[in-house]
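See below for the structure under consideration.
The values are calculated or read from the model by the stated rules, or taken from the named source; none is laboratory data. Since we're looking at a predicted model, the values are computed, not measured. Neighbour counts are summed over all protein chains in view; Cβ atoms, including those assigned to glycine, are modelled from backbone coordinates with ideal geometry.
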Amino acid sequence: MLTKIKRFISAEKNLSFTVPMIAIFLGFSFGVIIMLITGINPLDFFLALFEQVTGINISKIGTSKTVFNPRHIGELFVYSMPIILTGLSVAFAFRTGLFNIGAEGQLIMGSFGAIFIGVVFDLPMIIHLPLAVVTGVLFGAAWGFVPGFLKAKFNVHEVVVTILMNYIALYTANYLLKALPESDNARTVNVSETASLASQFFSELTNSSRFHWGFILVIIAVFIFWLIIDKTTFGFELRAAGFNKHASKYAGMKVDRNIMLSMVIAGAFAGLAGVIIAIGTFDYGRVLVAAEGYGFDGIAVALVGGTTAIGSVLAGLLFGALKASQTLIQLRGIPKDISNIIIASIVLFIAMQNGIKRFLIRFREREEE
Amino acid sequence: MDTVYSMLTLALIFSTPIIIASLGGLFSERSGVVNIALEGLMMFGGFAAGASVVLLEPSFAEGSLIAPLLALILGMIFGVLVSLIHAYLSVNIGADQVISGTAINLLAVGATVYLSQIIFGTPNNPSQRTPIYRTGFTKQTVPLLNKIPVIGDILFTNIYATVYLAFILVVISWYVINKTKFGLHLRATGENPHAADSMGINVYKIRYMGVIISGALAGLAGAVMILTQDIQYTVFSIHGTGFIALAALIFGKWKPFGVLYASLFFGFSQILGRYVNDIPLISKLPYEFFSALPYVITIIALVIFSSKVVGPKAAGEPYDKSKR
């Protein structure tokens, strides 16, 4: 039995599964060590995380207080949905060999696009809501187009351009949001009900969480990602360009066009993330002091999810749980940023995947001797 | 006229952390290791300085410089310690340097706030920041030199000594990069590590040095920023200055004096945004315009530079001895 497990863990074909699992395990272990060093009982942290995921507060079992609160489950999805989408954004670009650090900026522009339509126009819902969603997605796509275009035409590195574009997006969106009718310095007015993804039904179902109709859009996005990457020639060309740009060019593929398209689609996914935050979670545009880190969380999601559709969903749920449970963590007297430390260290261990792979391969070779 | 002088002085003060952090990025990238973790390293340095100055100040007399100076050194040490993670991942394991840098930036957000709360928080007041320090650095006016027309008003009146430190570091960096054996080895490692290795240069060691120096300078930059522009460390204290430093590094074409001019320009642009209402010619422009300006200009510069390669050729590529 033990040898079987050992063989499974170190098998070449399972590496894409085992490496993230090991990274997650090491990341949580690191978090536990930090908590122990700083004099905190890690059990409380895991109780908070459990409560967030299941809605059940174990500490209250046996008392007269309510044990089960479905709001936590609803909020878990509220946190997970945008980072699943930014995860898809980063993953999509990654498949073409591009590093999209700009999901944050694309998301901010997507938010603005949806808010703009939602605040300024007055239309029947059947036109208004789709228009708001599509506009947001297009704004995100346009923001992704710039680094894609500069990469394809001038060979300017997309990492640098996307970082810079994040800040340009933040300041541009802040200016534009404040310029919308009746906005103050912190927020816009609420979008009209015909352009909102908010759902009274889901909210009541989950004890007034902010869970909203956006989840349908997330499911569609995950499906589209899988469809493009795994089922179309275009997706194949993108992956080919990611493996070897020159060989793809030699094989007659339009690599430059594909780079641009890849960044546009990546931007669209991030733009959608912005849409569901703006007209789903909040229903108004927010003037931001600083970027909120959805883009960087998306990098974590994409890497841990192995840049696949289903992997991004699972990793997004994991990190969404860690993010969402911050309130409950703090309620139990633990500094809530322990969850950010755990996410960061998981990414650190993912960055070490060469090392982990080397270790696993050595592990297997020793086994075979 | 006085407004103009104090505005320029303030621009110098705001440029200081950008210059220092950008020089840090320069040492790392010229050795061939991309460092997008400057922001995170600055946060660690800023946190270390902000926390230590609060803890140390009560032990010294009011106005004593010892506590803030120690805080600067601790900021550097913190930067170095964290940069070792980046060095280990980039040099020893051959990890993707952008992923490693991203991880450090994420870690900085979590760790600095977590530690603030552990050190300074109480059960009733779980603070997310370090307490407000007493004095930190104070602005000085240099006697005699401040009487020089124009220059005296800008460079020697109501200014922090850290501004001079930044200028000195630029000159030192220029000398080290261009005139010393270490600088030559550093540049060789960043341009063509295989050739450097065949000449007997220890590529791994040089890259470690590059990343460690960048950690020290970025940590120092963060510390300077907290002790001159802020009253305490919060998670927003650095607010993207590390990324501006990265832009200044590129805009300055990876050269110490280029970095200096780019940083001064970016610092000036930030200040312009604050004074925009007082200047008739540009008062119609929103301050967001000036905040975004450094980034827009850097992108334009990247496009203009793109016809010829200016950055270190081997930056971002893990060095694998077996591929020689």
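Here are the numbers for this structure:
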{"read-out": "Of the criteria (1) away from chain A (no Cβ under 14 Å); (2) touching a helix residue (DSSP H, G or I) at 6+ places or on another chain (Cβ under 7 Å), which one B:VAL98 fails", "value": "(1)"}
{"read-out": "Residue check for B:ILE300: within 14 Å of another protein chain (Cβ to nearest Cβ) and surrounded by fewer than 17 Cβ atoms within 10 Å (Cβ to Cβ)", "value": "yes"}
{"read-out": "Yes/no for B:GLY101 being of a type outside the set (A, V, I, L, M) and under 22 Å from A:PHE296 (Cα atoms)", "value": "yes"}
{"read-out": "Test result for B:PRO318, more than 10 Å from every other protein chain (Cβ to nearest Cβ) and not in a helix (DSSP H, G or I)", "value": "no"}
{"read-out": "Test result for A:SER248, surrounded by fewer than 18 Cβ atoms within 10 Å (Cβ to Cβ), free of Cβ contacts under 8 Å to residues at least 40 places away in the same chain and of a type in the set (Gly, Ala, Ser)", "value": "no"}
{"read-out": "Residue in segment A:174-183 that is in contact with a Phe, Trp or Tyr (Cβ under 7 Å, 6 or more places away or on another chain), within 16 Å of B:ALA292 (Cβ to Cβ) and within 14 Å of another protein chain (Cβ to nearest Cβ) present", "value": "yes"}
{"read-out": "Test: residue in segment B:47-66 that is under 30 Å from A:VAL304 (Cα atoms) and buried (at least 21 other Cβ atoms within 10 Å of the Cβ)", "value": "yes"}
{"read-out": "All helices (runs of 4 or more DSSP H) inside segment A:5-116 with 3 or more residues being within 14 Å of chain B (Cβ to nearest Cβ) and either polar (S, T, N, Q) or without any contact (Cβ under 8 Å) to a residue 12 or more places away in the chain (or both)", "value": "A:15-37"}
{"read-out": "Boolean, B:ALA292 is crowded, with 24+ Cβ neighbours inside 10 Å and either basic (Lys, Arg) or under 21 Å from the mean Cα position of the chain (by Cα) (or both)", "value": "no"}
{"read-out": "The listed residue being free of Cβ contacts under 8 Å to residues at least 60 places away in the same chain, within 14 Å of chain A (Cβ to nearest Cβ) and closer than 24 Å to B:PHE236 by Cβ, out of B:ILE85, B:ILE119", "value": "B:ILE85"}
{"read-out": "Index of the failed condition, A:THR188 passing every other in (1) surrounded by 22 or more Cβ atoms within 10 Å (Cβ to Cβ); (2) part of a helix (DSSP H, G or I); (3) hydroxyl-bearing (Ser, Thr, Tyr)", "value": "(2)"}
{"read-out": "Yes/no for B:TYR275 being more than 13 Å from chain A (Cβ to nearest Cβ), in contact (Cβ under 8 Å) with a residue 40 or more places away in the chain and not hydrophobic (A, V, I, L, M, F, W, C)", "value": "yes"}
{"read-out": "Selection count, segment A:319-369, where residues are under 21 Å from the mean Cα position of the chain (by Cα) and surrounded by fewer than 16 Cβ atoms within 10 Å (Cβ to Cβ)", "value": "1"}
{"read-out": "Matching residues, segment B:178-232, being more than 22 Å from B:GLY79 (Cα to Cα), among the hydroxyl-bearing types (Ser, Thr, Tyr) and touching a residue at least 40 places away in the same chain (Cβ under 8 Å)", "value": "B:THR189, B:SER198"}
{"read-out": "Breaking point among (1) touching a Pro at 6+ places or on another chain (Cβ under 7 Å); (2) within 13 Å of chain A (Cβ to nearest Cβ); (3) of a type outside the set (Val, Ile, Thr), for B:PHE290", "value": "(1)"}
{"read-out": "Residue pairs meeting the criteria (Cβ under 6 Å; at least 6 apart or on separate chains; first closer than 20 Å to A:GLY295 by Cβ and more than 7 Å from chain A (Cβ to nearest Cβ), in segment B:103-116; second of a type in the set (A, V, I, L, M, F, W, C) and part of a helix (DSSP H, G or I))", "value": "B:ALA108/B:MET43; B:ALA108/B:PHE44; B:THR112/B:MET43; B:THR112/B:PHE47"}
{"read-out": "Verdict on A:ALA132 being crowded, with 20+ Cβ neighbours inside 10 Å, within 14 Å of chain B (Cβ to nearest Cβ) and at pLDDT 95 or above", "value": "no"}
{"read-out": "Residue match in segment A:212-230 (condition: in a loop (DSSP other than H, G, I, E, B), in contact with a Lys or Arg (Cβ under 8 Å, 6 or more places away or on another chain) and within 29 Å of A:MET125 (Cα to Cα))", "value": "no"}
{"read-out": "Condition broken by A:TYR284, with the remaining ones in (1) touching a Ser or Thr at 6+ places or on another chain (Cβ under 7 Å); (2) within 22 Å of A:LYS151 (Cβ to Cβ) satisfied", "value": "(2)"}
{"read-out": "Tally of residues being more than 14 Å from the chain's Cα centre (by Cα) and not in a helix (DSSP H, G or I) across segment B:24-43", "value": "4"}
{"read-out": "Residue match in segment A:152-170 (condition: of a type in the set (S, T, N, Q) and touching a Phe, Trp or Tyr at 6+ places or on another chain (Cβ under 9 Å))", "value": "yes"}
